[in-house]
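Reading through the structure tokens given below for one structure.
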Amino acid sequence: MTANPTINPDEARAALKWLVDAGADEALADAPVDRFAVAAEATVAPARVAAPAPAVARPAPAESPRAIATAPVAASAGAKSAREAAAACATLDELRSAVEAFDGCQLKVTAKHTVFADGHQGAPVMLIGEAPGRDEDLQGLPFVGRSGQLLDRMLNAIGLDRATNAYITNVIFWRPPGNRPPTPEEAAVCAPFLFRHIELKQPKVLVLLGGTPVKHLLGIEEGITRTRGRWGRYVLNGVEIPALPTFHPAYLLRQPSAKKQAWLDLVSLKLRLRDLGVV
Ligand code: URA
């Protein structure tokens, strides 16, 4: 790349450093764009320079009209004993112990650890993924592998972190062999614990990472590319909790160009938290 006389290299370096410090250290597009060349073109043809964007664009309100109360729970023996065990828990610590002691899900046989949750129990934001992967199974904590590291950077970019204001769990507590998607039966057996988890945690906002939690908590089967960014409502015992579907960070690692939309979702989350007066 040739140096462009219209751009001060020190300012460009400082701008890049600022972006990296802010957590924007991942590619946004599949192909590189030479911004210096674009800037030079704009200099010789000013008519093509776009109007400056507002500092933070508020995404269009997109409340989902189709959010439903609760997902159906299968009537299997495993789901029944999960329901009884979950209902008997009065605190998150009791629920963790009950999940760890539960033997009604076959995935536990091949898993190394039960992966219950991580983060601050009083956090306003509860994030829900699909199921533990290899790293999570080894460490017994959700989202600690590559996708978890990306998730942490995304949260940090809007002032959230596990130590103070974010709490993370999954629909499924044990790693499916080979990271295959969980079956409907496995999800149904874990569902009573998931519902009780939300009930005891009482988050102000839910963030649903990928299609699996959207399906099981909002009852929406549509793909995540259609549901992301559209606020829904999770209703439990008459209490409505705003729920934001967004891309799973593992998808963002495979499709860096989707990070543009993920960023809009993060901004929407930040604005909702601000409206609720919790950040
Ligand atoms: N993917 C998930 O959905 N959850 C994890 O904990 C890790 C990867």
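Taken together, the values in this text are just the output of simple stated rules run on the coordinates, not laboratory data. Nothing here was measured: the structure is a model prediction, and the numbers come from that model. In this analysis, Cβ positions are derived from the backbone assuming ideal geometry, glycine residues included, and neighbour counts consider all displayed protein chains.
What the table shows:
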| quantity | calculated |
| --- | --- |
| Matching residues, region 139-152, being touching a residue at least 60 places away in the same chain (Cβ under 8 Å), surrounded by 16 or more Cβ atoms within 10 Å (Cβ to Cβ) and assigned to a helix (DSSP H, G or I) | Ser147, Gly148, Leu150, Leu151 |
| Looking only at region 120-132, and only at residues there that are in a loop (DSSP other than H, G, I, E, B) and in contact (Cβ under 8 Å) with a residue 60 or more places away in the chain, the one that is farthest from the ligand (Cβ to nearest atom) | Pro124 |
| Cβ-Cβ under 6 Å pairs, at least 6 apart or on other chains, region 192-218 side aliphatic (A, V, I, L, M), far side assigned to a loop (DSSP other than H, G, I, E, B) and away from the ligand (no atom under 13 Å from the Cβ) | Val214/Ile220; Leu218/Ala67 |
| Index of the failed condition, Arg175 passing every other in (1) out of contact with any Phe, Trp or Tyr (no Cβ under 9 Å at 6 or more places or on another chain); (2) within 22 Å of Leu206 (Cβ to Cβ); (3) assigned to a loop (DSSP other than H, G, I, E, B) | (2) |
| Which listed residue is surrounded by fewer than 24 Cβ atoms within 10 Å (Cβ to Cβ), touching a residue at least 40 places away in the same chain (Cβ under 8 Å) and within 13 Å of the ligand (Cβ to nearest atom), from Asn179, Asn156, Asn165, Asn170 | Asn179 |
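Yes/no per residue for (1) farther than 23 Å from Gly145 by Cα; (2) part of a helix (DSSP H, G or I):
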position: Thr169; (1), (2): no, no
position: Arg196; (1), (2): yes, yes
position: Pro203; (1), (2): yes, no
position: Leu208; (1), (2): no, no
position: Pro213; (1), (2): no, yes
position: Lys259; (1), (2): no, yes
position: Val267; (1), (2): yes, yes
position: Gly277; (1), (2): yes, no
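Let's see how each residue does on (1) surrounded by fewer than 19 Cβ atoms within 10 Å (Cβ to Cβ); (2) within 16 Å of the ligand (Cβ to nearest atom):
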{"position": "Pro245", "(1), (2)": "no, yes"}
{"position": "Pro256", "(1), (2)": "yes, no"}
{"position": "Lys259", "(1), (2)": "no, no"}
{"position": "Leu264", "(1), (2)": "yes, no"}
{"position": "Leu273", "(1), (2)": "no, no"}
